[in-house]
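The values are calculated or read from the model by the stated rules, or taken from the named source; none is laboratory data. Since we're looking at a predicted model, the values are computed, not measured. Neighbour counts run over all protein chains shown; Cβ positions are idealised from the backbone, glycine included. Protein only, heavy atoms only, side chains kept; ligands, DNA and RNA dropped before computing areas. Shrake-Rupley method; radii C 1.70, N 1.55, O 1.52, S 1.80 Å.
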Amino acid sequence: MRDQIALISVRPVWARLPLALLAVLALAASWYGVRWGIGDTMAETAPLSYANDPTAAFESAEAAARLAPRDPLAHLTLARLHRVSFDPQETPLALREYDEAAALAPNDYLIWTEVGRARAALGDTDGGVAALSRAVELAPAYAEQRWHLGNALLRAGRYDEAFAELRRAADTDSEKYRPQVFNIAWQLYGPDMARVIDAVGKTPAARAQLVVVLAGRSRLEDALKVWSGLSDEEKRGQTWAGDRLARSLYGQGQYRRALQVLAESGASQSPAPEKISNGGFESDIGQAGTQLFEWQVTATPGSQVVVDARAAHSGRRSLRILFNAAGDAEFHNVSQLVAVEPSTRYRLTYFVRTEELRSAATLVAMAADATSPDAALASSVPVPSGTNDWQQVSFEFTTGPKTEAALVRLVRVGCSEGTCPIYGKIWYDDFDLQRAAGRANAH
């Protein structure tokens with residue numbers, strides 16, 4: 001033991017050098033780590049003070065780069081500050097720091113994306129394209145990088161390459177990018193629909209969204225052409241686009257076209273032309289405005305409109321209207337638009353029942369041209385007061401030479417006695433529309 005102790009105590013200096021070297025390396029690494037940590041923190045916080053004290057922000061960022069010269073964030077922060085200074089003399093400094101950040105993190109696609117966007121924005125189009133191409137190479141599945149590359153290629157005038165990247169971005173994130181691709185293509189190619197379609201892509205999803213964009217801009221003829229270019233199967237696969245186009249056509253009074261598009265898109269329970277939809281009220285009535293060519297029911301004081309499963313002329317259900325209005329109560333709250341042919345005579349038939357209905361002014365069914373809803377083409381006799389079992393009612397009307405749709409509506413007739421209260425219940429069922437005697441004479 002004494003020999004061993006003596007041996008340790010007389011170990012030569014060279015034998016202790018490895019331990020000393022390790023200690024020095026550990027201290028150096030610790031110092032480097034501390035410097036890196038301080039520099040990184042300063043780089044993160046420097047931009048926060050820029051608005052209040054730009055000079056202090058620059059000094060902090062420069063100190064961060066000195067403390068952590070190998071930290072990409074420090075150089076990226078300096079580049080950002082040089083760029084936002086809006087001083088043309090700062091542009092070369094910004095680009096130099098961007099390049100330094102990219103060199104220190106050659107596989108960081110986010111840094112390459114920022115470098116590319118900055119170079120393109122600062123006028124270095126080719127440098128921007130090169131940097132963004134590197135970002136796409138590192139992150140080929142990400143839509144944002146392809147989107148920025150496409151925009152840089154647009155600035156460079158390389159339109160075909162640009163739209164190839166923009167299409168890929170839109171295919172990855174269609175909701176965010178595809179409408180923007182349409183806007184860019186439209187700005188470049190205007191009314192040349194063939195070039196617009198080539199630019200945005202010919203996939204069914206791309207063309208369906210183009211239909212929606214065109215319809216939203218009221219270019220309905222162009223939207224219909226694009227829609228017609230889809231196959232029957234593709235149209236059924238893009239029901240949402242068909243619905244949007246149909247609503248645009250509907251809003252412009254092109255009712256027969258709207259109904260055709262709805263049928264082509266495979267919309268569930270697509271209404272038929274010249275037919276009352278859900279005439280027996282066996283299906284629920286949706287919120288007003290949600291379905292085209294279906295019953296529209298809105299609320300009004302003094303009345304309640306519901307589908308009644310306890311009373312029906314046929315089937316299981318009917319429509320019940322309950323009135324409890326002590327004063328004058330207007331009512332025109334149940335209606336349906338039906339696509340019809342022009343200059344054609346139709347017969348509308350339905351069944352009505354009442355219970356304790358009391359009023360000097362009850363309801364009638366009326367038909368009008370959809371473009372002139374307050375001008376009746378014809379109407380029924382008023383619903384009788386009192387309590388009455390199911391009765392069949394019918395009347396005929398003739399459409400005008402330009403009529404595309406007829407509005408069938410339940411309305412309260414005017415009162416000739418000043419104030420006309422109304423109480424009681426009315427049921428309606430089995431609405432049916434048929435041609436009465438072929439086409440009428442044009443007038």
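Put simply, of Ala241, Ala329, Ala263 the only residue that is surrounded by fewer than 20 Cβ atoms within 10 Å (Cβ to Cβ), over 28 Å from Arg353 (Cα atoms) and of a type in the set (A, V, I, L, M) is Ala263. Name the single residue, out of those in region 406-443 being at pLDDT below 95 and touching a Gly at 6+ places or on another chain (Cβ under 8 Å), that is surrounded by the fewest Cβ atoms within 10 Å (Cβ to Cβ). Among them, the one singled out is His443. Taking residues in region 111-137 that are free of Cβ contacts under 8 Å to residues at least 60 places away in the same chain, and partners anywhere that are open to solvent by less than 50 Å² (accessible area, probe 1.4 Å) and of a type in the set (D, E, K, R), the pairs with Cβ atoms closer than 7 Å and at least 6 places apart or on different chains are Gly127/Arg119; Gly128/Arg119; Ala131/Arg119; Val136/Arg146. Residues of region 280-315 that are open to solvent by less than 40 Å² (accessible area, probe 1.4 Å), in a loop (DSSP other than H, G, I, E, B) and not acidic (Asp, Glu): Gly280, Phe281, Gly286, Leu292, Phe293, Trp295, Thr300, Gly302, Ala311, Ala312. The single condition from (1) open to solvent by less than 10 Å² (accessible area, probe 1.4 Å); (2) in contact (Cβ under 8 Å) with a residue 24 or more places away in the chain that Val196 fails is (2).
Scanning region 112-128 for residues that are among the β-branched types (Val, Ile, Thr) and either within 31 Å of the chain's Cα centre (by Cα) or outside any helix (DSSP H, G or I) (or both) turns up just one, Thr113. Checked against the criterion of being acidic (Asp, Glu), in contact (Cβ under 8 Å) with a residue 24 or more places away in the chain and touching an Asp or Glu at 6+ places or on another chain (Cβ under 8 Å), the candidates Glu355, Glu341 yield just one match: Glu341. For region 340-365, filtered to residues that are within 42 Å of the chain's Cα centre (by Cα) and buried (at least 22 other Cβ atoms within 10 Å of the Cβ), the residue that is nearest to Arg412 (Cα to Cα) is Leu363.
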